[in-house]
Amino acid sequence: MLGRATGAVLAGIEARLVAVEVDLAGGLPTIAAVGLPDSAVREGLDRVRAALRHAGFRLPQHRITLNLAPAELPKRGTGLDLPIAAALLTADGQVPVGPVRAVLAGELALDGALRPVRGALSIALAATDARFARLVVPEENAAEAALVEGLEVYGAASLAEALALVAGRPTRRPTRVEPHRRLEDARQRTGVADLAEVKGQASARRALEIAAAGGHHLLLTGPPGSGKTMLARRLPGILPPMTLDEALRVTQVWSAAGLADGLVVERPFRAPHHGISFAGLTGGGLRLKPGEITLASGGVLYLDELTEFRRDALEALRQPLEEGAITIARLHERATFPAEFALIASMNPCPCGHLGDPRGRCRCSPIEVDRYLAKISGPLIDRFDLVVDVPAVDPLDLAAAKAGEGSLPVRQRVLAARAAQEARGSVNSRLTGAELDRAAPLEAEGSRLLSEASKRLGLSARGWTRVRRVARTIADLEGGETVEPRHLAEAVGYREGRSGAMRAPR
């Protein structure tokens, strides 16, 4: 006797369908599982035994061979409990096979209840790609899985209810969601930190607006208490709202990490502590889970106290900053995670943080300053499009200063600039050489200005390209069709901050 069901496992943030096959043969009642099951899958066999008994079914008294295909794919996690139980019971004739092909996913409790699993959205996408008509998941996962169109998604609270769906006897209606309404509701909310709360710091505010408009990476340098973190936390409030496609991609990542609760409607803002491990920042670990740079995809990754992060973890950022993705390889697994985030980082100019203070409070030696700044490599600094000094603000000036411009008008300018970039086909920070030549051709005066800046600042080829990208964004913010020398001059000014970050003057 042979029973079949279809389940799914996560590989990175993607789901792979798994054919669950059960053969019942004569002999002593035993269960042998093949197909690279991990310990969670093997332990699941004991959960299945108890769940079947409490749900009113009986475990087949045969020699049971359980095969999980494809055989070369490692099977991890608890989501195969439900399809294993279904395959066992269909092989024994206790549950008939229904007329509709379904993918099953869910962890079983000992009493037969269904518990949620990670990656419901990814499983729904895999089921749709394989042309399955129905997906059965725990009821807590149903709203997330139902975000995928063209698939009947049923939530089940128990093993018995799930098996009734397998047999073609649904006890409830398919789950329906309205993701567009959720996105619209999110756009009406006003709980995001407002730029109006930032007083002074005109150059840093300007750089923040340029970073939001063009998707550029920003480094803020300055003494403690100057407002670097306050500025960084206001970047999400001036970024464009997410589209449905962006929200689905972000939700897929967060679901695979076990963090999603339905559709993610707001751009992520991730601010990991500087003590985070290499795998915690970049992704990986025993089960290849997404790291912070992937959880920030579609939003902002903020690295405060940049010099305190692990050197190897920071160097691993160089590839995703250029390519928007990171590939993690382990002995038996390999996964590519998205990493399309806006990086904003902050650091002090010296170990004590007061280098350049006119009150002369810094007591760091030149050797200490050099050692401190050497924690950040030149190639990594070179990947920041904008490097801005955030000086300390005198408390008396702070008390007298008026509130700055709010996030709403800044966001409107950012949206207008992004609309111009969409018309060209790419956000400015991702423009390739040929695209940049079309979007921002260099005139004679601009070429001469850049050549002089290159000699003075020692611009690399990457730095030259990044200056042109930033200049294109500055022109977009002004509604300009062409990039003028003044736009290039302002963009060059943000590269001059790079040399200060590498070796601040005393």
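I'd like the carbon and sulfur percentage of the solvent accessible area for region 315-439, probe radius 1.4 Å, heavy atoms only, ligands and nucleic acids excluded. Provide the component values of the computation, followed by the final result.
Values: 3500 of 6350 Å².
With neighbouring chains kept in place, the figure for region 315-439 is 55 percent.
Taking amide H as placed 1.01 Å from N in the peptide plane, the amide H of LEU303 sits under 5 Å from that of ILE344, ALA345, SER346, each at least 5 places away or on another chain.
Within the accessible surface of region 132-289, defined with a 1.4 Å probe on protein heavy atoms only, the carbon and sulfur portion equals 50 percent. Taking amide hydrogens as placed 1.01 Å from N in the peptide plane, the amide H of ILE31 sits under 5 Å from those of ILE64, each at least 5 positions away in sequence or on another chain. D for region 194-239, whole µm²/s, Stokes-Einstein with Kirkwood Rh over alpha-carbon pairs at 25 °C and 0.890 mPa s: what number? Roughly 228 µm²/s, to the nearest whole number. Mean silhouette area of region 28-82, derived from the convex hull of its C-alpha atoms and averaged over all directions, reads 3.8 nm². Anisotropy class assigned to region 215-261 is prolate, per the alpha carbon gyration tensor with a/c at or over the 1.5 cut-off and a/b larger than b/c.
For the pair region 2-50 / region 321-356, the C-alpha centres are spaced 38 Å from each other.
Seen against the Cα atoms of the chain and their longest principal axis, helix 407-424 is set at about 80 degrees. Projection of the Cα convex hull of region 28-155, averaged over all directions and equal to a quarter of that hull's surface, yields 7.6 nm².
Peptides 478-486, 335-343, ordered by how many other C-beta atoms sit within 10 Å of their residues on average, highest first, read 335-343, 478-486.
Quick one: length gained pulling SER365 to GLU405 fully straight, 0.36 nm per residue minus the C-alpha distance?
Numbers: separation 40, 0.36 × 40 = 14.40 nm, distance 3.94 nm.
Between SER365 and GLU405, full extension yields an extra 10.5 nm.
Calculated accessible area for the chain comes out at 44 Å² per residue, all protein chains present (probe 1.4 Å; ligands, DNA, RNA ignored). All Cα-Cα separations within region 296-344 were binned at 5 Å from zero, giving a P(r) of 5, 19, 25, 25, 17, 6, 3, 0, each value a whole percent of the pairs.
Scaled against the 2.2 N^0.38 Å expected of a compact globular protein of N residues, the Cα radius of gyration of region 239-302 reads 1.10. The value for the chain of Rg(Cα) / (2.2 N^0.38 Å) is 1.17.
The calculated pair-distance distribution of region 214-336 uses every alpha carbon pair, bins of 5 angstrom beginning at 0, and gives 2, 10, 19, 22, 21, 15, 7, 3, 1, 0 percent.
Compactness ratio of region 1-61: Cα Rg over 2.2 N^0.38 Å, N = residue count?
Computed over Cα atoms of region 1-61, the ratio equals 1.27.
Phi angles of region 303-313 translate, via the Karplus equation with coefficients 6.51, -1.76, 1.60 and θ = phi - 60°, into HN-Hα couplings of 10, 7, 6, 3, 5, 8, 6, 4, 4, 5, 5 Hz per residue; Gly and Pro are given as x.
About the centre of its Cα atoms, region 261-383 shows a dipole size close to 260 debye [charges on the beta carbon of Lys, Arg (+1) and Asp, Glu (-1) only; nearest 20 debye]. Computed over region 309-393, the convex hull of the alpha-carbon atoms projects to a mean area of 7.4 nm². Shape analysis of region 122-273 based on the Cα gyration tensor places the equivalent ellipsoid semi-axes at 42, 14, 13 Å, largest first. Assuming a viscosity of 0.890 mPa s and a temperature of 25 °C, what translational diffusion coefficient in µm² per second does Stokes-Einstein assign to region 373-470, Rh being the Kirkwood radius over Cα pairs? Calculated translational D: 146 µm²/s. Amide H contacts under 5 Å for PHE269: VAL300, restricted to partners 5 or more places along the chain or on a different chain, H placed in the peptide plane at 1.01 Å from N. Counting only the Cα atoms, region 132-171 fills a convex hull of 59 Å³ per residue.
As a test of understanding, state the convex hull volume per residue of region 283-426 from its alpha carbons, in Å³.
That works out to 163 Å³ per residue.
Placing +1 on the Cβ of every Lys and Arg and -1 on the Cβ of every Asp and Glu, with nothing else charged, gives the chain a dipole about its Cα centre of roughly 460 debye.
The values are calculated or read from the model by the stated rules, or taken from the named source; none is laboratory data. Here the structure is a predicted model, which is why all the values come from computation and not from measurement. Cβ: placed from backbone, ideal geometry, glycine included. Neighbour counts: every protein chain shown. Each accessible area value is taken on the protein alone, full model and side chains, heavy atoms only, with ligands, DNA and RNA left out. Shrake-Rupley method; radii C 1.70, N 1.55, O 1.52, S 1.80 Å.
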